[in-house]
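Here's the structure we're looking at; comments come further down.
The values are calculated or read from the model by the stated rules, or taken from the named source; none is laboratory data. Just so it is clear, the structure is predicted and the values come from calculations on it, not from any experiment. Because the Cβ atoms are built from the backbone with ideal geometry, glycine has one as well, and the counts that use them run over all protein chains shown. Heads up: the accessible areas ignore ligands, DNA and RNA and are worked out on the full protein's heavy atoms, side chains in. Shrake-Rupley method; radii C 1.70, N 1.55, O 1.52, S 1.80 Å.
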Amino acid sequence: MNTFVQFENVSLAYQEGGPLAIEDVSLKIRENEFIAVVGPSGCGKSTLMKLVSGLRLPSAGNVQVNNREVGGPQKCVGMAFQASNMLPWRTTLQNV
């Protein structure tokens, strides 16, 4: 089976020179494979998803989705945030 998501020695600091949110992560997720990332609040679960989706770029290392380096938002990845990110003064359509 082909690798669909690949992290190679990925680290991310949200601020330059700041503490690392994740450090030296390497993993491969195969096409059609189902995985779960679990852990306490603040351990980096959402950070991993932001890197896969292209909402954040790594400070070091490489993230690939479908054999292409992630360089920005990915159309093939969806993410549901834990907290509502809708602006209450906008309509549903205006929030899209």
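Quick notes on this structure:
- Meets criteria (acidic (D, E), part of a loop (DSSP other than H, G, I, E, B) and under 30 Å from V96 (Cα atoms)) for E33: yes
- Residue in the stretch 57-67 that is surrounded by 10 or more Cβ atoms within 10 Å (Cβ to Cβ), touching a Lys or Arg at 6+ places or on another chain (Cβ under 8 Å), of a type outside the set (V, I, T) and under 23 Å from P19 (Cα atoms) present: no
- Complete set of residues in the stretch 18-57 that are more than 18 Å from F4 (Cα to Cα) and in contact with a Ser or Thr (Cβ under 9 Å, 6 or more places away or on another chain): L20, A21, I22, E23, D24, R56
- Verdict on E8 being over 15 Å from V70 (Cβ atoms) and either surrounded by 12 or more Cβ atoms within 10 Å (Cβ to Cβ) or of a type in the set (D, E) (or both): no
- Under the condition of being surrounded by 12 or more Cβ atoms within 10 Å (Cβ to Cβ) and polar (S, T, N, Q), the residues counted in the stretch 68-83 number 1.
- Residue identified as modelled with pLDDT of 95 or more and more than 12 Å from the chain's Cα centre (by Cα) among A83, A60, A36: A60
- The single condition among (1) surrounded by fewer than 16 Cβ atoms within 10 Å (Cβ to Cβ); (2) in contact (Cβ under 8 Å) with a residue 12 or more places away in the chain; (3) not charged (D, E, K, R) that M86 does not satisfy is (2).
- When the test is whether a residue is open to solvent by 60 Å² or more (accessible area, probe 1.4 Å) and either in contact with a Ser or Thr (Cβ under 8 Å, 6 or more places away or on another chain) or over 26 Å from P19 (Cβ atoms) (or both), N95 does not pass it.
- Applying a threshold of 6 Å to beta carbon distances and a minimum spacing of six or more residues, or different chains, the list of pairs starting in the stretch 22-40 at a residue that is without any contact (Cβ under 8 Å) to a residue 40 or more places away in the chain and ending at one that is part of a strand (DSSP E or B) and among the charged types (D, E, K, R) reads S26/E8.
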